[in-house]
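Have a look at the structure below before the remarks.
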Amino acid sequence: MRVADLVTASLLMLLSAIVMYDALLLGAGWSGDGPQSGFFPFWLAALLAAVSIVLFVQAWRSWSKQPFVTREQSVLVLKVLWPLVGFVLLTDPPGPWSGLGLYVAGAVYLGFYMRWVGRHDWRTVVALATVVPVITFLIFETWFLVPMPKGPIEAWFGY
Amino acid sequence: MGLENLFLGFQVAVTPFNLLIAVVGILLGTIIGVLPGLGGANGVAILLPLTFTMPPTSAIILLTCIYWGALFGGAITSVLFNIPGEPWSVATTFDGYPMAKDGQSGQALTAAFTSSFVGAFFSIVLITLFAPLLAEVALKFGPPEFFAIQLLTFSSFVGLGGGNPLKSLATILIGFILSTVGLDIVTGQLRLTFGFTDLMKGFDFIIAVIGLFGIGEILLSVEEGLRFQGAKTDMNMRVVLDTWKILPRYYRTFVRSSIIGFWMGFKPGGATPASFMSYAFAKRFSKNPERFGRGELEGVVAPETAAHAAGVAAMLPMITLGIPGSPTAAVMLGGLIIWGLQPGPMLFVDNPDFVWGLIASMYTGNVIGVVIVLAFVPFFAAILRIPFAILTPLIVVICAIGSYAVHNSMIDIWYMVIFGVIGYVFKKLDYPLAPLVLALVLGDMAENALRQSLIMSQGSLAIFLTRPISGVITAVAIFFFLMPLLTPWWRKLRGLPRSKAASAQS
């Protein structure tokens, strides 16, 4: 915990330094007709810098044997996190490539996670991974007319 | 004038369409409240895009009913599964879960829902009476007064929030800083974009809410190893009626907790301390305090009444001043702007049908809510028995849909992931998230109020203290900001034992 607290406080100091730098470039003072653009961010960041220094000192002085995460916990968290990143990449990766769209990527993600973490049998996996995206598609695209990123498969159906 | 307006409101709220919307909202809200990782705030945030095409009054009825439903849903998980869905449900688990383990879950749930209803009703009546008066006063407010109210809003997180006050202050500042990213509408300059076009639009707080509360919460609950081993429900009409026979005995607790809830609730971050405070008071005034924590019905009544009274009271500053009292109210405020309404006191003048329809729908929504949850508890409890490996990806996909729908932009889904990781880390390190969201929402308003005030005073900060109304509010705000420093000193002076700064623990 202590290390995580120290790192967070340091990152906050870095953040406030960046904000203050940007604010000073814009001008953090008083122009003819009122405060300049950098005025508000500059003083916010200055205050944040002061607060994070005190937080750093507090964390430095405290002692806690409890780790921020145990190894087992971090495995569990990463097991959620990286398929999530995969799902977003599959939906629509940055850059010139086109993705599968949110519904198909969602189906792949749902099926993968159910099979890999939950070890559900293939029938349940396939059934749910088809039914859930179809229902969400009907609700969002046809009923409420909220468009989501779509890929080749939706195009094939004429959407 | 109050009654005619309320009557007008009921004419809006009691149309078949709006009643249907209310039922749908309550059902969705309760499901959202029961699911891990989906609370009131991000549930409302995810469903906000669905309301873009609705008339504003129906839209706000849907969102508020989702909110009431989520509040009810939190009680179900607290009692049956010992999982407080929201921080203000923590006190409900103290006696609710022991009761459920004793086979009295039906009693505990009936008491929880009924108390929620009573607390909410109390606050709604007070809102009906006070909202028009407060709005009238607020019409006379200038920029210094609005900035002073903002100060008061955030000072109460620092002074009353419990935990480390510096961490509260840090998240408030982070929220404000994030709100300045992008185009400065006053000068037309770009701030903190460093040449990235994606940053020009700034950060939308709805994405922050979905990431911080949704994804962050999922990561946390995964880490805790997710095993929902719930008590069985024994809800039926008989249990409900039998419990209703006992409940009037606790009328003192109801009144006391409602007052505590309303009083704490219209200040931001008030619901959680209100529920703990009300629990502590009930224990102190009880004839048999030793039974608290082991399954005492009064121990469910007190926190639930206060939490709901506070949850409803959080709507008061939102509709009268345009300043939300909770993250959920903040998301609704964002909705108002999207639907083309100007939040604040002018709503009462310009859109009376909207405001009074909203207030009337609070009555209808809570009546519908208590009936639905009492009738369908086993159904809602069954949701938590869905295997975790199905629920997690499902909630993640829903969060992603909600994030994308706000601006139809892919970058928002990435922001959601980043905010999710930040939410997870901050939650573990006890950095409170609600102040960050509120600061992100109110950032532009606060900055404009500050700018205009400083222009009025030609750069002197004294303007906040010399004008009578803003002077009083600023003084109270400064007092709250300094409270964490004053409390230890005060305790020493009175010869009281040292304790951690005014914390929410009972």
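Checking the condition under 30 Å from A:Pro149 (Cα atoms), modelled with pLDDT under 90 and either within 14 Å of chain A (Cβ to nearest Cβ) or in a helix (DSSP H, G or I) (or both), which residue from B:Leu461, B:Leu438 passes? Just a single option satisfies the conditions, and that option is B:Leu438.
Considering B:Thr15, B:Thr53, B:Thr30, the condition of being of a type in the set (Ser, Thr, Tyr) and within 20 Å of the chain's Cα centre (by Cα) is satisfied by B:Thr30 alone.
Looking only at segment B:272-310, which residues are over 20 Å from B:Thr128 (Cα atoms), among the aliphatic types (A, V, I, L, M) and in a helix (DSSP H, G or I)? Steps first, answer last, please.
As a first pass, look at segment B:272-310 and keep what is over 20 Å from B:Thr128 (Cα atoms): B:272-304.
Remaining after also requiring among the aliphatic types (A, V, I, L, M): B:274, B:277, B:280, B:282, B:297, B:300-302.
B:Ala274, B:Met277, B:Ala280, B:Ala282, B:Val300, B:Val301, B:Ala302 - these are the residues of segment B:272-310 that are over 20 Å from B:Thr128 (Cα atoms), among the aliphatic types (A, V, I, L, M) and in a helix (DSSP H, G or I).
Could you pull out the residue among B:Tyr431, B:Tyr415 that is within 8 Å of another protein chain (Cβ to nearest Cβ) and hydroxyl-bearing (Ser, Thr, Tyr)? Full working, then the answer.
Working: B:Tyr415 fails: within 8 Å of another protein chain (Cβ to nearest Cβ).
Within the list B:Tyr431, B:Tyr415, the selection yields B:Tyr431.
Within segment B:455-473, residues that are under 15 Å from B:Leu151 (Cβ atoms) have Cβ atoms under 6 Å from residues that are among the charged types (D, E, K, R) in these pairs: B:Ile469/B:Glu145; B:Ser470/B:Glu145, counting only partners at least 6 apart in sequence or on another chain. Of all the residues in segment B:355-401, those that are of a type outside the set (Val, Ile, Thr), more than 14 Å from chain A (Cβ to nearest Cβ) and assigned to a helix (DSSP H, G or I) number 18. On the given criteria, is A:Val3 more than 7 Å from chain B (Cβ to nearest Cβ), touching a residue at least 60 places away in the same chain (Cβ under 8 Å) and in a helix (DSSP H, G or I)? Answer is yes for this residue. A residue that is of a type in the set (Phe, Trp, Tyr) and in contact (Cβ under 8 Å) with a residue 24 or more places away in the chain occurs nowhere in segment B:390-405.
For segment A:34-61, taking the residues that are touching a helix residue (DSSP H, G or I) at 6+ places or on another chain (Cβ under 6 Å) and more than 7 Å from chain B (Cβ to nearest Cβ), the one that is surrounded by the most Cβ atoms within 10 Å (Cβ to Cβ) is identified as A:Gly38.
Could you pull out the residue among B:Ala148, B:Ala170 that is in a helix (DSSP H, G or I) and at the interface with chain A (Cβ under 9 Å from one of its Cβ atoms)? Full working, then the answer.
Working: B:Ala148 fails: at the interface with chain A (Cβ under 9 Å from one of its Cβ atoms).
Every option except B:Ala170 fails the conditions.
Among residues of segment B:174-203 that are closer than 24 Å to A:Ala9 by Cα and in contact (Cβ under 8 Å) with a residue 24 or more places away in the chain, none has a beta-carbon under 8 Å from a residue that is among the basic types (Lys, Arg) and surrounded by fewer than 15 Cβ atoms within 10 Å (Cβ to Cβ) at least six positions away or on a different chain.
Given the structure, is B:Ser89 touching a helix residue (DSSP H, G or I) at 6+ places or on another chain (Cβ under 8 Å), more than 15 Å from B:Phe380 (Cα to Cα) and part of a helix (DSSP H, G or I)? Against the criterion (touching a helix residue (DSSP H, G or I) at 6+ places or on another chain (Cβ under 8 Å), more than 15 Å from B:Phe380 (Cα to Cα) and part of a helix (DSSP H, G or I)), B:Ser89 qualifies.
Could you please let me know if B:Phe52 is touching a residue at least 12 places away in the same chain (Cβ under 8 Å) and either more than 24 Å from B:Val125 (Cα to Cα) or touching a His at 6+ places or on another chain (Cβ under 7 Å) (or both)? Can you show your working first?
Values: touching a residue at least 12 places away in the same chain (Cβ under 8 Å): yes; either more than 24 Å from B:Val125 (Cα to Cα) or touching a His at 6+ places or on another chain (Cβ under 7 Å) (or both): yes.
Criteria met by B:Phe52.
For segment A:62-97, enumerate the residues that are loosely packed, with under 12 Cβ neighbours inside 10 Å and in contact (Cβ under 8 Å) with a residue 12 or more places away in the chain. Selection gives A:Ser62, A:Trp63, A:Gln66. Please determine whether any residue of segment B:11-23 is free of Cβ contacts under 8 Å to residues at least 60 places away in the same chain and part of a loop (DSSP other than H, G, I, E, B). Yes, that holds for at least one residue.
Test of understanding: among A:Ala17, A:Ala28, which residue is more than 7 Å from every other protein chain (Cβ to nearest Cβ), part of a helix (DSSP H, G or I), among the aliphatic types (A, V, I, L, M) and without any contact (Cβ under 8 Å) to a residue 60 or more places away in the chain? Can you show your working first?
Working: A:Ala28 fails: part of a helix (DSSP H, G or I).
Every option except A:Ala17 fails the conditions.
With respect to the stated conditions, B:Leu62 fails to be buried (at least 24 other Cβ atoms within 10 Å of the Cβ), touching a helix residue (DSSP H, G or I) at 6+ places or on another chain (Cβ under 9 Å) and part of a loop (DSSP other than H, G, I, E, B).
Taken together, A:Gly111, A:Gly86 contain a single residue that is among the small types (Gly, Ala, Ser), facing chain B (nearest Cβ under 9 Å) and under 30 Å from B:Asn408 (Cβ atoms), which is A:Gly111.
Of all residues in segment B:24-43, those that are among the small types (Gly, Ala, Ser) and either surrounded by fewer than 24 Cβ atoms within 10 Å (Cβ to Cβ) or not in a helix (DSSP H, G or I) (or both) total 2.
Determine whether segment A:64-77 contains at least one residue that is touching a Lys or Arg at 6+ places or on another chain (Cβ under 8 Å) and assigned to a helix (DSSP H, G or I). No - not one qualifying residue is present in segment A:64-77.
The values are calculated or read from the model by the stated rules, or taken from the named source; none is laboratory data. Everything numeric in this text was worked out from a predicted model, so none of it was measured. We place every Cβ from the backbone using ideal geometry, glycine too, and count neighbours over all the protein chains shown.
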